[in-house]
1. For every helix of n ≥ 4 consecutive DSSP H residues, a contribution of -39,500 (n - 2.57) applies; sum these over the chain, divide by its total residues, and give [θ] at 222 nm rounded to the nearest 500 deg cm²/dmol.
2. Give the distance, in whole Å, between the Cα centre of the stretch 44-113 and the Cα centre of the stretch 620-667.
3. For F402, F90, F606, what ranking results if the residue with the fewest other Cβ atoms within 10 Å of its Cβ goes first?
4. Against the empirical 2.2 N^0.38 Å scaling, what ratio does the C-alpha Rg of the stretch 7-247 come to?
5. Among 297-306, 462-471, 625-634, how do they line up from the highest to the lowest mean number of other beta-carbon atoms within 10 Å?
6. Restricting to Cα pairs below 8 Å that are 6+ residues apart, what does the relative contact order work out to for the chain? Please round to a whole percent.
7. Just want the ordering: C593, C181, from fewest to most Cβ atoms lying within 10 Å of their own Cβ.
8. Over the stretch 58-164, what portion of Cα pair distances is larger than 20 Å, expressed as a whole percent?
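What follows draws every value from the coordinates through simple rules; no lab data is involved. On a predicted model such as this, the values are computed, not experimentally measured, just so you know. All Cβ positions, glycine included, derive from the backbone under ideal geometry; neighbour counts span all protein chains shown.
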Amino acid sequence: MKKRISLTWLILWPSLFLAAQDHIVISEIVLQPGSSTASNAEYIKLYNPTDNPVDLSNYYLTDGTDTTNQKYYYNLPTGSNFWSGNGSDFIARFPQGYSIAAQSEIIIAATTTSAYQTYYGTLPDLSIKDSLRQAIDGQTTKGGAFAYLDNAAETLILFYWDGSSPTVQDVDYVIWGSKICAVDKSGVSGYQNDTPIAQQTYAPTHVDGQKLQRISDEGSEPSSGGNGLTGHNETGENLNQTWRAVSVGNTKPKLSNIIYTPGSPVVGQSITFSANVTDDGTIATVKLIYTFQSVTDTVSMSLTTGSTYTATVGPFTTAEALYYKIKAEDTTGLISVSNLYTIMIQEPPEVLTIRTIRDNWSDWNGKTVSLNGVMSIGSNVLRTDRTSAYMQDISGSGLNLFDYNITNLLQGDSIEITGTLEEYQGVIELTGWFSSYTVITNSVPIPAVQEIPISALNDAPSYWEGAYFQINGTVAERADNVGGGSNIIIEDVTGRTTVRLWNSTNVLFNSLGQLVNNYLDSLLQVGNMVFVKGVGSLYKSAPQILLGYASDVGPWIPGEPGAERTIISTAPYPFVPQLGEVIKYTYEYPSNCRAIVRVYDMSGRFITTLDDNYYALSWSKDNTWDGRNELNQLVPPGTYLLHLETTNRTTGKTKVDIAPVVIGVKF
């Protein structure tokens, strides 16, 4: 879940998190009490801040710098002049195969294991005298019997050498008290320039009962161009700010279990960070420091449960990298900073829709998919012996949910569901989903419900199969208790279709064939104009609409009741379509007729059709024209004719009325 940022990014953004800890560091040093005649309490603590264990087989530790006689650790590959040779100094190599675990510390007793145990009552992980190897086999490089760290001023260096290279690599470098033992490899063959000694800083010393402790990461230490194992210039750390003398019992806050959710964030999501923070004292603050689009922000993290601190940031609107680290400080001023991590915020994956599945059915047939949608017809409606229900998603398409088990899904339930796609007699179904669905919420509007002419259904029945949509028309025929349901024939000017109303729905009749809804019975009489919302289906390859609820059918009122006239009128002033203006017109038509409103120019040329529909009852309607032709182009200024033609469907008698309309010019 976590990913450490690469060194490349640090070079690109030197002003941000300059010295992220990507290598082992010296984290504590105890200088006293310690002498040749007392139980030695001195120790060195190392910390591995990385996400992986580090093999220390080729790591070395030394305090044996001798600037007077030009004896320096970096001469180790030459075999001479690589340490002072002083009985109180050492240069030692870690045990073969010894590793320090990820994000863990080890304690190295400065003298013997028993001396440390006698003083502290616990065992160290290693000791210089008992555990570390001589720097060169066959030579004594670990000083005398009572080697110890100088209380006043000295240099401690952790470095790496593979045993064959002509140069060593710095891992960490600490000087305290003064710069008397400082090192500068500038000008030495094979090495980059170090920080000049005059510009180096040093950590403080401490008194008995205290220790030196790293209170942060490596501060302003340059992260590139140096002699460090990871490219750092280890001599450039501002030690006077990154180290502090504290009580020997004090420890820095410990950071662990740093995670974020969601694990793969996408654009539009917020990100919640959490970290486990513990301390031997009291935590003062825990902060999340993050950078997004080159802007750095700091957010306080709140204690939630136990020792877990959390913070939420975002949502983020761009697919880009986010960089972050956690910083914790206790009430004694000790600070711990995590590694620098990166999160790639991705574009959200393309949502799989039912329309995509239907348009590419050969690719999806038999596949297991996960979908989100809203129930358009719930369970126990079309069938009561098993589940045969319908869902619809944002694409405006739907499919049947089939299972031999009974569920309790309601119209308007928003669901997440996983199942296998199959086809049965032209009906696309999702099967095997019974134990893999979740109802997210209830009473959600069905998405993307379209109002279509009946011809759209008849011309492309497979396209509309499973979709929930609305048609408007006149009841042309009706047959009840046919095969356990009613067939209602609805007709508009473009065609006719069957609305299938199963008695199992208890919308019109019950399962015994008894009438249960007198209002709907009156509404669905021949000649009445109605709207119907239902799901497209196929019966013997012919399209039909499945009606599931009484609320999905009602009277269709296209306008105000008319007086059986054929008449059209318009506002008596010009309008200018170029300015976005429209002209309002009113027309009325008789019952049982086809009404067509067209626009012609003064020479009789056809411009466009504004209405063409069949109406069972006489209505007066208001509408507008935007001054465009059938190609959606603005027509030129001039006078035009609104032409209303009504034709009685029974007698064939036609009536016409005309109203002039003027398109003006923009000045």
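1. Taking each H run of at least 4 residues, the total per residue is -1500 deg cm²/dmol.
2. Each part reduced to its Cα centre gives a spacing of 95 Å.
3. Numbers: F402 20, F90 27, F606 12.
Fewest-to-most Cβ neighbours within 10 Å comes out as F606, F402, F90.
4. Ratio of Cα Rg to 2.2 N^0.38 Å: 0.95.
5. 462-471, 625-634, 297-306
6. So the answer I get is 7 percent.
7. Values: C593 25, C181 22.
In increasing order of surrounding Cβ atoms, one gets C181, C593.
8. Value for the stretch 58-164 (Cα pairs over 20 Å): 38 percent.
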